[in-house]
Amino acid sequence: MTRFINIHTHSTGSGSAFIEIINMGLEQPCPEHGLYSYGIHPWEIEKIDFQEEMMFSILKERLAMPNVVALGEAGLDKFHGDFERQMKVFERQIVLAENLKKPMILHAARSNNEIIALRKKHRPKQPWILHGFNGTEQDARQLISHGIYLSVGESLLHPDRKIYKALRFIDLDYIFLETDVAEIGIETVYEAAAKLLEMDLTALQTKIFSNFAALWNTGKTEPAS
Ligand SMILES: [Zn+2]
C-alpha cells in the first residue's frame, strides 16, 4: 500500500496518495468520500460578480461537512487585485476557521509579513499551512517561528528554485508535500524531497505521516510499507 500524503491538490487521483486533501471550488458540492478543502481564494475577490455574503454562506455550509478537513485556499496575493479587500475577506475566514475548528491552507504571494502579523493579531488555535512554499531558509525559519507549517510541491524538481536549496535546512516537523495544480504524481515530489534531504523515502513518509496525524485525527493509521 502506498503511504504518500498529498496535502493540497486540485484533482483527484493525483498519483498514488493514500491520503489527499482535494481543493474544491465553492460551487462544487462535497463528495461523500475523500477529504476536501473549501475556501475563498484571493483571486475570487477580483471577479466582477463576487458576492461576499453569498460566498460566506456557501462556505459555511461546505465546512460543516465532516470530510471537509481544512479551510483553503485562503490568503493574500500582492500580484492580484484589491489587497485591502483581500485582507478583509481573509480575516473573516480566519475567524470562521477558528469557530469551526478547521486548519487553514494558505495562498501567500509576497505576503508573508502580513500573514505573520495576522497570526499574531488573531492568535488562532488552528494550524495554518502555507502551501506552494518556495522561499529561502530564512523565510522558512521566520514562518515556522510563528507556528506556520509549510507545504512544498513541484518546485523541488527545479534546481533554480529557492526551496530546492533551502529544504534540507528546514525543520521537518513543519513540512508537508503537495502536487497542487502540477500534473505530476505525489510520489515524484516525495522522491525529490527524499533526495534533497538525503533521507530514506520510507523515513520521509513516516515523518510526513506523523506531521499529518498531529494536525488531523482522521482515524487513519499508517499502513505498513
Ligand atoms: Zn492550489
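Bear in mind that the values in this text are calculations on the coordinates, not laboratory data. This one's a predicted model, so the numbers in the text were calculated from it and none came from an experiment. Cβ placement follows ideal geometry from the backbone for every residue including glycine, while neighbour counts extend to all protein chains displayed.
Some points to look at:
- Between H33 and D173, the distance separating the two model label sites (each 7 Å from Cα on the Cα→Cβ line) works out to 3.7 nm.
- Segment 131-225: GluC sites (Glu not before Pro) falling in loop per DSSP and having at most 10 other Cβ within 10 Å: E183, E198
- Greater than 18 Å apart at Cα, pairs in K102/K207; K162/K207; K88/K120: K102/K207; K162/K207
- Proximal aspartates and glutamates relative to K165, as straight alpha-carbon distance under 17 Å, when same-chain residues fewer than 8 apart are discounted: E137, D139, E154, E191, E198
- Within segment 26-119, trypsin sites (Lys or Arg not before Pro) in DSSP loop having at most 11 other beta-carbon neighbours inside 10 Å: K47, K101, R110
- Signed unit charges on C-beta, dipole axis of the chain, positive-most listed residue P159, Q138, T12: Q138
- Build a GNM of the chain with springs between Cα atoms under 10 Å apart, and of E53, E91, E61 the one that fluctuates most is E53.
- All other residues whose Cβ lies under 10 angstrom from that of P42 are scored, Lys and Arg at +1 and Asp and Glu at -1, for a net of -3.
- Approximate spin-label separation F18-M87, in nm, with each point projected 7 Å along Cα-to-Cβ: 4.5
- Highest-MSF residue in the chain out of M87, M65, M54 [GNM, Cα springs under 10 Å]: M54
- Cα long-axis angle, helix 112-122 against the chain (0 to 90 degrees, to the nearest 10): 70
- Fluctuation leader among D82, D139, D49 - the chain, Gaussian network, Cα springs under 10 angstrom: D49
- For the chain, the longest principal axis of the C-alpha atoms and the axis of helix 83-100 are separated by about 70°.
- Cleavage-rule hits (chymotrypsin sites (Phe, Trp or Tyr not before Pro)) in segment 1-85: DSSP loop, at most 12 neighbouring Cβ within 10 angstrom: F79
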